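Shown next, in structure tokens, is the structure this report addresses.
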Amino acid sequence: MLTFKTSEEVLTFLRLKSKHIGLVPTMGALHRGHTSLVNKACNENDYVVVSIYLNPTQFNHASDLENYPLDLERDKKLLKPLSDQIIFYTPEHKEIYPKKIQRNAYDFGTISTHMEGFYRPGHFDGVATVVEALFKKIKPQKAYFGEKDFQQLQIIKVLNIQKKLNVNVIGCPIVREKDGLAMSSRNKLLSPNERKAAPIIYSTLKDLSQKDIKTDVSQMRQFFKEKVEQHLLKVEYFFVAPVCNLIPVSKLDSNIKYRFFVAVFAGKTRLIDTVELVRI
Ligand code: AMP
């Protein structure tokens with residue numbers, strides 16, 4: 001596996017090959033959710049650049065950034081056996097932010113206003129800043145993002161159009177632990193008891209997606225809170241929003257495709273999840 005620290009090295013290598021390039025942007029602490037993106041990218045491209053960059057401008061709290069469980073050597077070992085097509089790209093801050101570590105300001109309209117956009121002010125501007133920089137530097141034909149961060153995925157699709165970046169943005173399904181917990185780098189920060197409690201998030205969402213009370217969102221929110229908060233967990237938000245505009249609703253319409261969006265604290269660790277709502 002090739003390892004590069006600058007986009008110049010990556011591009012010089014790739015230009016020599018003039019092949020189809022896929023990009024998988026990550027913040028490291030890789031797990032099977034990330035490798036599912038990498039495997040898909042390897043099947044669809046000649047080379048796959050896996051970037052590992054802990055982007056300071058998308059964090060809301062310094063302590064979250066400081067505690068992030070980054071381990072580049074472990075990540076390299078995890079990726080190496082997957083494919084010879086992988087390029088491990090670990091840019092330094094000056095690569096992404098040549099002048100000042102500062103996020104750009106974007107206007108993504110309503111899709112960035114609610115849920116993560118509301119509870120993590122500036123977060124999506126930070127994400128868009130790094131993704132725009134990576135798309136411009138690496139110039140991939142395709143880039144892969146997880147539906148785990150569903151709102152982020154929609155924002156990147158809009159960013160790509162607004163900035164005419166010409167990348168095919170591909171969404172990939174959520175990979176879960178056997179007990180249903182969505183895989184996340186932050187799961188490593190859970191205490192054994194928090195880890196034991198966390199699968200209730202997904203199991204309750206699954207339950208709800210099959211229940212009959214699926215017209216009234218406040219009833220669903222109450223059900224979710226009652227179930228989840230028995231287990232060491234604290235619900236930050238529970239929303240139901242149409243996939244097309246991500247504006248939370250209070251009543252459901254039978255012709256629209258919706259998803260549940262939740263954020264839950266397990267101690268200091270914040271977990272998010274999203275599940276598609278099956279027919280009402
Ligand atoms: P992160 O390193 O958390 O920024 O994630 C990098 C990419 O991996 C993002 O596109 C995430 O949505 C995706 N990802 C993270 N966890 C999962 C998961 N459990 N299943 C699928 N994709 C994921």
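A few points about this structure:
- Checked against the criterion of being under 24 Å from residue 5 (Cα atoms) and open to solvent by 20 Å² or more (accessible area, probe 1.4 Å), the candidates 141, 152 yield just one match: 141.
Here's the yes/no breakdown for (1) open to solvent by less than 50 Å² (accessible area, probe 1.4 Å); (2) over 14 Å from residue 181 (Cβ atoms):
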site	(1), (2)
206	no, no
211	no, yes
220	yes, yes
232	no, no
242	yes, yes
247	no, yes
250	no, yes
259	yes, yes
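- Scanning region 191-227 for residues that are outside any helix (DSSP H, G or I), of a type in the set (S, T, N, Q) and farther than 16 Å from residue 251 by Cβ yields a single hit, 191.
- Restricting attention to region 193-247, the residues that are more than 24 Å from the chain's Cα centre (by Cα) and not hydroxyl-bearing (Ser, Thr, Tyr) add up to 18.
- Qualifying residue in region 151-167 (condition: in contact with a strand residue (DSSP E or B) (Cβ under 8 Å, 6 or more places away or on another chain), touching a residue at least 40 places away in the same chain (Cβ under 8 Å) and assigned by TED's automatic domain parsing to the domain that holds residue 31): yes
- Residues located in region 183-219, provided they are more than 16 Å from the ligand (Cβ to nearest atom), of a type in the set (D, E, K, R) and over 18 Å from residue 230 (Cβ atoms): 212, 214, 216
- Of the residues in region 168-178, at least one is more than 27 Å from residue 105 (Cβ to Cβ), open to solvent by 70 Å² or more (accessible area, probe 1.4 Å) and either in the same structural domain as residue 115 (by TED's automatic domain parsing) or within 12 Å of the ligand (Cβ to nearest atom) (or both).
- Taking each residue of region 255-280 that is more than 27 Å from residue 60 (Cβ to Cβ) and modelled with pLDDT of 95 or more and looking for partners that are open to solvent by less than 50 Å² (accessible area, probe 1.4 Å) and assigned to a loop (DSSP other than H, G, I, E, B) with beta-carbon atoms closer than 8 Å, six or more apart or interchain, yields nothing.
- Matching residues, region 171-182, being out of contact with any Ser or Thr (no Cβ under 9 Å at 6 or more places or on another chain) and more than 24 Å from residue 249 (Cβ to Cβ): 176, 177, 178, 181
- Applying the set (1) within 20 Å of residue 176 (Cβ to Cβ); (2) in contact with a helix residue (DSSP H, G or I) (Cβ under 8 Å, 6 or more places away or on another chain) to residue 265 leaves exactly one unmet item: (2).
- Flag if residue 107 is part of a loop (DSSP other than H, G, I, E, B), without any contact (Cβ under 8 Å) to a residue 40 or more places away in the chain and not aliphatic (A, V, I, L, M): yes
- Screening residue 134 on (1) in contact with a helix residue (DSSP H, G or I) (Cβ under 6 Å, 6 or more places away or on another chain); (2) outside the structural domain of residue 235 (by TED's automatic domain parsing); (3) not in a loop (DSSP other than H, G, I, E, B) shows it passes everything except condition (1).
The values are calculated or read from the model by the stated rules, or taken from the named source; none is laboratory data. If you're wondering where the values come from, they're calculated on a predicted model, not measured in any experiment. A quick note on method: Cβ atoms are made from the backbone with ideal geometry, for glycine too, and the neighbour counts reach across all protein chains shown. Note: areas computed on protein heavy atoms with side chains; ligands, DNA, RNA excluded. Shrake-Rupley method; radii C 1.70, N 1.55, O 1.52, S 1.80 Å.
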